[in-house]
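**Student:** Here it is, the structure, as structure tokens.
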Amino acid sequence: MTNAIVAEGLVKRFGDTTALGGVDLAVREGTVLGLLGPNGAGKTTVVRVLATLIRPDAGHATVGGYDVIHKAHQVRSQIGLTGQYASVDETLTGVENLLLIGRLLGQSRKDARARARELLGQFHLDDAADRPAGKFSGGMRRRLDLAASLVGRPRMLFLDEPTTGLDPRSRNDMWDIIRELVRDGVTVLLTTQYLDEADQLADEIVVIDHGRVIATGTSGELKARTGAQTLTVRPASEQDIATVAALVGAIASGPVDVSGPIVSAPVTDATALAKLVRRLDETGLVVSELALRSPSLDEVFLALTGSPA
């Protein structure tokens, strides 16, 4: 499969601050690459370089086969960009926002209006099409912002933390829209702080921290790097907490944590949950909650960087 986006050794400095310290990544055509990292890691800087908004100080990058420095116009003709904050004009209606973008892209008034109506329908904004964007909810503004980036039918889409601040329903709606775009052949570079978002959408993940790539792989591969899952138990009676903690400690691969009525510990044994169930049954202890979960975002980051996200 051909790579739609390639970056090699990207370096970008702002004064004494090195935002990117030699970033390499590649996004295959028709897939989603999740660019994961904490605030200030350099995710947005990568997007800005690839979208030709800023020039790198060193390194090389191509988008759709075109160099981002020497063929910037050709790059821009192929991409759509949705930044961290909705950039719609709140005084214009939904349809007027998209019509404006279409006209700026050189579409005729008829074609621009038809494309605007098409996108408003696709993003479930038909009922609000003639309402000023300033009266949209946060989720509606984000959908309109994403629709605006698609007016020119881009082959590649840069989404810079598109769901930050959205409620769970709006996030799920946005995820469904992104999946549909990928099914239609669009290549997506998605920056996010949320591992669950990368779980849902990304075919591959690149983790960056302090401007450098520290890990690449699928979501499952990154989670596996922590070397453990977390076993969580809530005894039915708080009087049994100490006994349950001792049982968990006997099969745990690390220290047992007792936070209020919850006992938890990391485990690497694939049979840990079954072993604990047997021991609880043998001792006659009753629990109201028992779970084995994959690492959280903080746990992945702690394993990769030594600090939480």
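The values are calculated or read from the model by the stated rules, or taken from the named source; none is laboratory data. Predicted model only: the values in this text are computed from it and were never measured. Cβ coordinates were reconstructed from backbone atoms using ideal geometry, including for glycine residues, and neighbour counts include every protein chain displayed. Just the protein is used for accessible areas: all its heavy atoms, side chains included, with ligands, DNA and RNA removed. Shrake-Rupley method; radii C 1.70, N 1.55, O 1.52, S 1.80 Å.
**Student:** How about region 178-198: which of its residues are modelled with pLDDT under 90 and in a loop (DSSP other than H, G, I, E, B)? I'd like the intermediate steps shown before the answer.
**Tutor:** Residues of region 178-198 modelled with pLDDT under 90: 192-198.
Within region 178-198, 193, 194 meet the criteria.
**Student:** Same structure again: Exactly one of these conditions fails for residue 171: (1) over 13 Å from the mean Cα position of the chain (by Cα); (2) modelled with pLDDT under 90; (3) not β-branched (Val, Ile, Thr). Give me its number.
**Tutor:** All conditions pass for residue 171, except number (1).
**Student:** For region 125-138, does any single residue satisfy the condition of being touching a residue at least 40 places away in the same chain (Cβ under 8 Å), closer than 23 Å to residue 36 by Cα and crowded, with 17+ Cβ neighbours inside 10 Å?
**Tutor:** No.
**Student:** How many of the residues in region 1-57 are more than 24 Å from residue 80 (Cβ to Cβ) and not in a loop (DSSP other than H, G, I, E, B)?
**Tutor:** 8
**Student:** A further question follows. Which condition from (1) over 19 Å from the mean Cα position of the chain (by Cα); (2) in contact (Cβ under 8 Å) with a residue 12 or more places away in the chain is the one that residue 50 breaks?
**Tutor:** Here residue 50 meets the rest and fails (1).
**Student:** Same structure again: Just for region 29-45: of the residues that are more than 14 Å from the chain's Cα centre (by Cα) and within 21 Å of residue 78 (Cα to Cα), which one is surrounded by the fewest Cβ atoms within 10 Å (Cβ to Cβ)?
**Tutor:** Top of the filtered list is 29.
**Student:** I've got another one for you. I'd like the full set of residues that are more than 15 Å from residue 291 (Cα to Cα) and surrounded by 15 or more Cβ atoms within 10 Å (Cβ to Cβ), limited to region 229-242.
**Tutor:** Of all residues in region 229-242, those more than 15 Å from residue 291 (Cα to Cα) come to 237-242.
Once the filter is applied, which keeps residues that are more than 15 Å from residue 291 (Cα to Cα) and surrounded by 15 or more Cβ atoms within 10 Å (Cβ to Cβ), region 229-242 yields 240, 241.
**Student:** List the residue pairs whose Cβ atoms are under 8 Å apart, where the first residue sits in region 107-118 and is within 10 Å of residue 151 (Cα to Cα), the second is part of a helix (DSSP H, G or I) and open to solvent by 90 Å² or more (accessible area, probe 1.4 Å), and the two are 6 or more positions apart or on different chains.
**Tutor:** Between residues of region 107-118 that are within 10 Å of residue 151 (Cα to Cα) and residues that are part of a helix (DSSP H, G or I) and open to solvent by 90 Å² or more (accessible area, probe 1.4 Å), the close pairs are 112/103.
**Student:** Determine if region 218-228 includes at least one residue that is more than 18 Å from residue 299 (Cβ to Cβ), open to solvent by 10 Å² or more (accessible area, probe 1.4 Å) and at pLDDT below 95.
**Tutor:** In the first step, residues of region 218-228 are kept if they are more than 18 Å from residue 299 (Cβ to Cβ); the result is none.
No, the conditions are met nowhere in region 218-228.
**Student:** Can you tell me which condition residue 26 does not meet? The list is (1) under 23 Å from residue 181 (Cβ atoms); (2) of a type outside the set (Lys, Arg); (3) open to solvent by 70 Å² or more (accessible area, probe 1.4 Å); (4) modelled with pLDDT of 95 or more, and all the others hold.
**Tutor:** (3) is the only condition that residue 26 fails.
**Student:** For region 123-151, give me each residue that is in contact with a strand residue (DSSP E or B) (Cβ under 7 Å, 6 or more places away or on another chain) and not in a helix (DSSP H, G or I).
**Tutor:** 129, 130, 131, 132, 150 - these are the residues of region 123-151 that are in contact with a strand residue (DSSP E or B) (Cβ under 7 Å, 6 or more places away or on another chain) and not in a helix (DSSP H, G or I).
**Student:** Moving to a separate point now. It is to be established whether one or more residues within region 37-45 are modelled with pLDDT of 95 or more and of a type outside the set (Ser, Thr, Tyr). Step through it out loud before you land on a result.
**Tutor:** Taking region 37-45 as the starting set, the residues that turn out to be modelled with pLDDT of 95 or more are 45.
Still in the running and of a type outside the set (Ser, Thr, Tyr): none.
Scanning region 37-45 turns up no residue that is modelled with pLDDT of 95 or more and of a type outside the set (Ser, Thr, Tyr).
**Student:** Also, quick follow-up: Go through region 53-100 residue by residue and tally those that are in contact with a helix residue (DSSP H, G or I) (Cβ under 6 Å, 6 or more places away or on another chain), open to solvent by less than 20 Å² (accessible area, probe 1.4 Å) and β-branched (Val, Ile, Thr).
**Tutor:** 4
**Student:** Which is farther than 25 Å from residue 294 by Cβ and of a type in the set (A, V, I, L, M), of 252, 148, 198? Don't jump to the end; show me each part of the working.
**Tutor:** Values: 252 fails: farther than 25 Å from residue 294 by Cβ; 198 fails: farther than 25 Å from residue 294 by Cβ.
That would be 148, the only listed residue that is farther than 25 Å from residue 294 by Cβ and of a type in the set (A, V, I, L, M).
**Student:** Out of 88, 68, I need the residue that is without any contact (Cβ under 8 Å) to a residue 24 or more places away in the chain and of a type outside the set (Phe, Trp, Tyr). Which one?
**Tutor:** Of the residues listed, the single one that is without any contact (Cβ under 8 Å) to a residue 24 or more places away in the chain and of a type outside the set (Phe, Trp, Tyr) is 68.
**Student:** Output the number of the condition that residue 232 fails; it satisfies all remaining conditions of (1) of a type in the set (Ser, Thr, Tyr); (2) at pLDDT 90 or above; (3) out of contact with any Lys or Arg (no Cβ under 9 Å at 6 or more places or on another chain).
**Tutor:** Checking residue 232 against (1) of a type in the set (Ser, Thr, Tyr); (2) at pLDDT 90 or above; (3) out of contact with any Lys or Arg (no Cβ under 9 Å at 6 or more places or on another chain), the one that fails is (3).
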